[in-house]
């Protein structure tokens, strides 16, 4: 797959594979998608774990054994059942949470069955479906389906008690297929029948199984040259948990979110009020959490939260190291951006006047001189212009940003330092969605002088942009800062995507996935609503060409696009100057 055909959805799938593998320097051979086209979180994790334990060369050679065989599709699906069992058994001792994710995948497998059409049921391979049903019913703790002795033996063979070593994997699986009379090592081809299908027919023809493993010849992902591709970065724990929503209860979800992100900045009643007012419409059933950061490993209440905290500290160290490594570039960007903002403020912002003993005579205070012997009857300008607005920087912290976490943290630091140098109060927050919660983490408050906490940024989970925008507006109301007017600037890739579906409504009786055009339209509506309420909203976009139009739909003309750090000063400077002019009018 060439770089120009690599979509945002496929990038997310690739990020999931890399995160599970703990490595970013390889190109996934497979990406997993559900029947409806959404990415299959659990199976992408399995793809990554298969790379981790068996390597790409071995797996490629395995699938090449029956490439072109009349039963290739069937053998591919059965192989992934075998590999899933092996990878799960190998990784479970290190990541116990994998069991929960596996159960969620089993729930999805059976939950999707009632949506399949008669034609889709007829297209299923009965043996494959029986093996899948046996696997996922067993995972759910239910009684296995009724099977013939042949099917029972095959199901047992596809879930070996002891995962094979890499050197034994190929022979072990080929032995299973040979014993089941599925493949004896000789490829038997069927005369090809070529059909060219378009539109609805093409769409129907591709829907066969609840999960499709799409084999790709090449996946090229555009890494920033500034980020170490060999890094093991990325917080796999909370990223995996983002998909686990089917079997969670509210109390467990809340406890998990609090254990990972600390207590809410909002008092309980204020948080309840925010959820009642904001979690409506497309976001009905969602929850909110406002936090100041991730607890330290010493403060973490359980092993899972402790692991997350440790990984967060490692990512913070990587963010600091990246900034220091490129300090000269970053310093030059700060100086240029500071100069642009300061010059614009001098032109468009009126200085505050203070009472003084010299300066311009204030007619309203003249009477104080003879009656009160008060010489302070003059007004003079403050020595420095004091801007009459605050800035909220909001960073997208979803898993789609895993490949550029260090860059985003540096961008946030540069913008915050430049604004602070001009005397503009700035707050830096980030957002992501986990377990139905949209979480806003405040990395730097208005009163914080230390910018180092911005390095606590890390990417994980999903991004429900519409609800995050609502929450950002509510945070401005809750803690508005020292100025009456407000500017919200997002650093984003303009690709809303969340695992929690939009609930059914009169307009949409079946509900809707939150992503794609629907997510873009929802985010755009929230931007318009914030602007109607008097909040200035702008965005710095650093994403793929395919998402640039989406960014324009969401933010309109209040948008600056950058492709690298060297463009930040000019693009963001122009954006901020435009906002200062509007605020100064």
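The values are calculated or read from the model by the stated rules, or taken from the named source; none is laboratory data. Only a predicted model underlies this, so the values are computations on that prediction, with no experimental measurement involved. When we count neighbours, we look across all protein chains shown, and the Cβ atoms used for this are built from the backbone with ideal geometry, even at glycine.
Taking the criterion of being farther than 22 Å from residue 443 by Cα and either free of Cβ contacts under 8 Å to residues at least 40 places away in the same chain or assigned to a loop (DSSP other than H, G, I, E, B) (or both), the residues of segment 250-274 that qualify are 250, 251, 252, 269, 272, 273. Restricting attention to segment 352-396, which residues are within 30 Å of residue 535 (Cα to Cα) and modelled with pLDDT of 80 or more? Answer for segment 352-396, where residues must be within 30 Å of residue 535 (Cα to Cα) and modelled with pLDDT of 80 or more: 389, 390, 391, 392, 393, 394, 395, 396.
Inside segment 481-503, residues that are under 24 Å from the mean Cα position of the chain (by Cα) and not in a strand (DSSP E or B) make up a count of 5.
Count of segment 286-331 residues, restricted to those that are touching a strand residue (DSSP E or B) at 6+ places or on another chain (Cβ under 7 Å) and surrounded by fewer than 20 Cβ atoms within 10 Å (Cβ to Cβ), is 2. The single condition from (1) surrounded by 23 or more Cβ atoms within 10 Å (Cβ to Cβ); (2) over 13 Å from the mean Cα position of the chain (by Cα); (3) within 14 Å of residue 293 (Cα to Cα) that residue 439 fails is (2). Taken together, 169, 200, 174, 195 contain a single residue that is within 34 Å of the chain's Cα centre (by Cα) and either in the same structural domain as residue 82 (by TED's automatic domain parsing) or at pLDDT below 75 (or both), which is 200.
Between 550, 566, the distinction of being part of a helix (DSSP H, G or I) and surrounded by fewer than 18 Cβ atoms within 10 Å (Cβ to Cβ) belongs to 566 only.
Looking at 77, 69, 56, just one residue is without any contact (Cβ under 8 Å) to a residue 60 or more places away in the chain and more than 27 Å from residue 462 (Cα to Cα), and that residue is 56.
If the condition is being over 14 Å from residue 136 (Cβ atoms) and in contact with a helix residue (DSSP H, G or I) (Cβ under 6 Å, 6 or more places away or on another chain), then segment 76-97 contributes 82, 83, 87, 90, 91, 92.
When residue 331 is tested against the conditions (1) under 30 Å from the mean Cα position of the chain (by Cα); (2) touching a residue at least 24 places away in the same chain (Cβ under 8 Å); (3) outside any loop (DSSP other than H, G, I, E, B), the lone failure is (2). When you look at residue 315, is it assigned to a helix (DSSP H, G or I), touching a helix residue (DSSP H, G or I) at 6+ places or on another chain (Cβ under 7 Å) and either assigned by TED's automatic domain parsing to the domain that holds residue 455 or under 30 Å from residue 418 (Cβ atoms) (or both), yes or no? So residue 315 passes the test. Consider residue 576 carefully, then state whether it is touching a helix residue (DSSP H, G or I) at 6+ places or on another chain (Cβ under 9 Å), at pLDDT 95 or above and surrounded by 16 or more Cβ atoms within 10 Å (Cβ to Cβ). No. Can you confirm whether segment 34-44 contains a residue that is more than 13 Å from residue 170 (Cβ to Cβ), part of a helix (DSSP H, G or I), free of Cβ contacts under 8 Å to residues at least 60 places away in the same chain and in contact with a strand residue (DSSP E or B) (Cβ under 6 Å, 6 or more places away or on another chain)? There is at least one residue in segment 34-44 that is more than 13 Å from residue 170 (Cβ to Cβ), part of a helix (DSSP H, G or I), free of Cβ contacts under 8 Å to residues at least 60 places away in the same chain and in contact with a strand residue (DSSP E or B) (Cβ under 6 Å, 6 or more places away or on another chain). Determine whether segment 514-532 contains at least one residue that is in contact (Cβ under 8 Å) with a residue 60 or more places away in the chain, farther than 18 Å from residue 277 by Cβ, in the same structural domain as residue 445 (by TED's automatic domain parsing) and not in a helix (DSSP H, G or I). Yes, because at least one residue in segment 514-532 is in contact (Cβ under 8 Å) with a residue 60 or more places away in the chain, farther than 18 Å from residue 277 by Cβ, in the same structural domain as residue 445 (by TED's automatic domain parsing) and not in a helix (DSSP H, G or I). Applying the condition of being in a loop (DSSP other than H, G, I, E, B) and at pLDDT 90 or above to segment 142-164 and asking which residue is farthest from residue 92 (Cα to Cα) yields 158. Which of the residues that make up segment 284-308 are under 19 Å from residue 430 (Cβ atoms) and either part of a strand (DSSP E or B) or touching a residue at least 24 places away in the same chain (Cβ under 8 Å) (or both)? Selection gives 286, 287, 288, 289, 290, 291, 292, 293, 294, 295, 305, 308.
Cβ separations smaller than 6 Å between residues 6+ apart or across chains give the following pairs from segment 97-126 residues that are over 20 Å from residue 87 (Cα atoms) to residues that are modelled with pLDDT under 85: 112/210; 120/207; 123/208. The condition (being at positive phi and either modelled with pLDDT under 95 or in contact with a strand residue (DSSP E or B) (Cβ under 8 Å, 6 or more places away or on another chain) (or both)) is satisfied by just one residue among 441, 435, 464, 427: 435.
Every residue, every condition in (1) buried (at least 22 other Cβ atoms within 10 Å of the Cβ); (2) modelled with pLDDT of 80 or more; (3) out of contact with any helix residue (DSSP H, G or I) (no Cβ under 8 Å at 6 or more places or on another chain), yes or no:
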residue	(1), (2), (3)
234	yes, no, no
241	yes, no, no
247	no, no, no
250	no, no, yes
262	no, yes, yes
267	no, yes, yes
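Evaluate segment 451-460: report whether one residue or more is out of contact with any helix residue (DSSP H, G or I) (no Cβ under 6 Å at 6 or more places or on another chain), in the same structural domain as residue 275 (by TED's automatic domain parsing) and assigned to a helix (DSSP H, G or I). There is at least one residue in segment 451-460 that is out of contact with any helix residue (DSSP H, G or I) (no Cβ under 6 Å at 6 or more places or on another chain), in the same structural domain as residue 275 (by TED's automatic domain parsing) and assigned to a helix (DSSP H, G or I).
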